[in-house]
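Please treat every number below as a calculation from the coordinates, not as lab data. Computed from a predicted structure; not experimentally measured. Note: ideal-geometry Cβ built from the backbone for every residue, glycine included; neighbour counts use all protein chains shown.
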Amino acid sequence: MIFELNEEQLAVREAARDFAQNVLKEGVIERDTHMTYPKDEVRQMGELGFLGMMADPQYGGGGMDTISYVLAMEEISKIDNSCSVIMSVNNSLVCWGLETFGNETQKAKYLSKLTSGEWIGAFCLSEPEAGSDATSQRTTAIDMGDHYLLNGTKNWITNGGTSKAHLVIAQTDAEKGHKGINVLIVETDWDGVAVGAKEDKLGIRSSDTHSIMYNDVKVPKENRIGDDGFGFKFAMKTLNGGRIGIAAQALGIAAGAYELALAYSQERKAFGKPISKHQAIAFKLADMATEIEAARMLVYRAAWMKDRGMDYTAAAAMAKVFASEVAMKHTVEAVQVHGGYGFVKEYHVERLMRDAKITQIYEGTSEIQRMVISRQILKGDTYIPVVAPANAVMQ
Ligand code: CAA
């Protein structure tokens, strides 16, 4: 097994780290406190190529592999998870979904705008009464011949107030269940699209989360992605990749909190020596380092499998459930290592602890990830090794 990153991957990680530490860090507490959308920072992410990393260069993308994408997500998530969720949704749900399943006309019209950050995209699946149970779509897209008539409400939409293009999942034929669901590209300045108030959240506070209302929106037929009835499969397949992005976000949160705890524990003295030299703290650091590294292996492995065209459904779910639980557990520990200082904003760890929680919820809760993994096990997914498969060589 070869665990080394190549030159390009190392350069991407360095660029993302530099951007996070030198640009994002300065105003992150202020933006979080006042729920200020990181407009300037998102523009810079577009200029630096972080918004369409995996897309083909012919559509303005970076043409990079998924490993590079998770490395960038990890570094940016050490500092600013509002920026990294905007980045994740735009890259892995919107650009990847459109590029993989859209037709040439759709890609020519929308993809370059989205990869550059000129437009930001949103992925509109969740509803007030359809979160985990995503097949229970109440939003309807009625076939009117040359267009669909879209009606309904979507909830918890990341980039909801700032996006110019929505990928909307909606039910066309209820009798067909999930096979009667479509996905439509909706431009937000079309008649009938309304944006609800910005949510006041526990974490990722400066990201832009809204409910969206569609009221008799006319969506041209050519804006349907894939064949009639492909919408639910589109959502599931796209979310498999999205979960790798959120797993990388969770990894970054855990690693960022660990870096802060390690540095603080070496400076802070108690009972005549740095607290890192006390076993109570040293063992916390050891557990953090070990479990974060295990999460990192799962995240990189899922990305590696995706890059090789393997079935990464279970790998992505495993990476997300494990990394998000490591993030939650060790951000709490990082606050504990900081003592009272950890409880105040200036030391950054309390924000990471608040941000960690959402990684166990969005793009499929931990419970849904376990459902996905167990279903894959029971259907005999060959990439869940009982003994390591012969092709599981990492190089
Ligand atoms: N990959 C590929 N296909 C999948 C899939 C996956 N992960 N999960 C399900 N499918 C397919 C199934 O194979 C099935 O296809 P067939 O009928 O052809 O066999 C079809 O989809 C329906 O699947 P199920 O019968 O398993 O449906 P279900 O209702 O029992 O369960 C679920 C589906 C897995 C629970 C699904 O509803 C789910 O993943 N729910 C979570 C939704 C979610 O992740 N929401 C996140 C919102 S987006 C967001 O958070 C973005 C943001 O802003 C940050």
Give the angle, between 0 and 90 degrees and rounded to the nearest 10, that separates the Cα long axis of helix 231-267 from the longest principal axis of the Cα atoms of the chain.
20
So Glu346 and Ala286, fully extended at 0.36 nm per residue minus their Cα-Cα distance, gain in nm 19.1 nm
Residues other than Ala197 with Cβ under 15 Å of its Cβ, Lys/Arg counted +1 and Asp/Glu -1, net out at +1
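Relative contact order, percent, of the chain when contacts are C-alpha pairs under 8 Å separated by at least 6 residues?
16
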Please work out how much length the chain gains when fully extended from Ile384 to Gln44, using 0.36 nm per residue of separation minus the C-alpha to C-alpha distance, in nm with one decimal.
118.5 nm
Which of Lys179/Lys218; Lys284/Lys379; Lys269/Lys345; Lys179/Lys357 have a Cα-Cα distance over 31 Å?
Lys284/Lys379; Lys179/Lys357
GNM result for the chain, Cα springs below 10 Å: residue of Ile275, Ile212, Ile253 fluctuating most strongly
Ile275
Report the semi-axes of the equivalent ellipsoid for the range 237-379 in whole Å, largest first, where each axis is √(5λ) for an eigenvalue λ of the Cα gyration tensor.
33, 14, 11
Can you tell which of Phe283, Phe50, Phe232 shows the greatest fluctuation in a Gaussian network model of the chain with Cα springs below 10 Å?
Phe283
Top mean-square fluctuation among Glu26, Glu175, Glu74, Gaussian network model of the chain, C-alpha springs under 10 Å?
Glu175
Cα-only Debye scattering, the range 116-223: base-10 log of I(q)/I(0) at q = 0.10, 0.11, 0.24 Å⁻¹:
-0.27, -0.32, -1.36
Measuring from the longest principal axis of the C-alpha atoms of the chain, the long axis of helix 25-34 (C-alpha) lies at a number of degrees, nearest 10, equal to 60
Order 38-48, 176-186 from most to least packed using the mean count of other Cβ atoms within 10 Å.
176-186, 38-48
Using only the Cα atoms of the range 7-120, build the gyration tensor, take square roots of its eigenvalues as a ≥ b ≥ c, and label the shape rounded, prolate or oblate: rounded if a/c is under 1.5, else prolate if a/b is larger than b/c, else oblate.
oblate
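If neighbour count is taken as other Cβ atoms inside 10 Å, put Val332, Val217 in order from fewest to most.
Val332, Val217
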Taking every pair of alpha-carbon atoms in the chain, give the share separated by more than 36 Å as a whole percent.
22
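Go through 359-367, 98-106, 124-132 and give me the packing order, highest mean Cβ count within 10 Å leading.
Averaged packing, sorted descending, gives the order 359-367, 124-132, 98-106.
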Debye log10 I(q)/I(0) at q = 0.18, 0.23, 0.24 Å⁻¹ for the range 274-348, Cα point scatterers
-0.76, -0.97, -1.01
To the nearest 10 degrees, the tilt of helix 366-378 (Cα long axis) against the first principal axis of the alpha carbons of the chain is 80
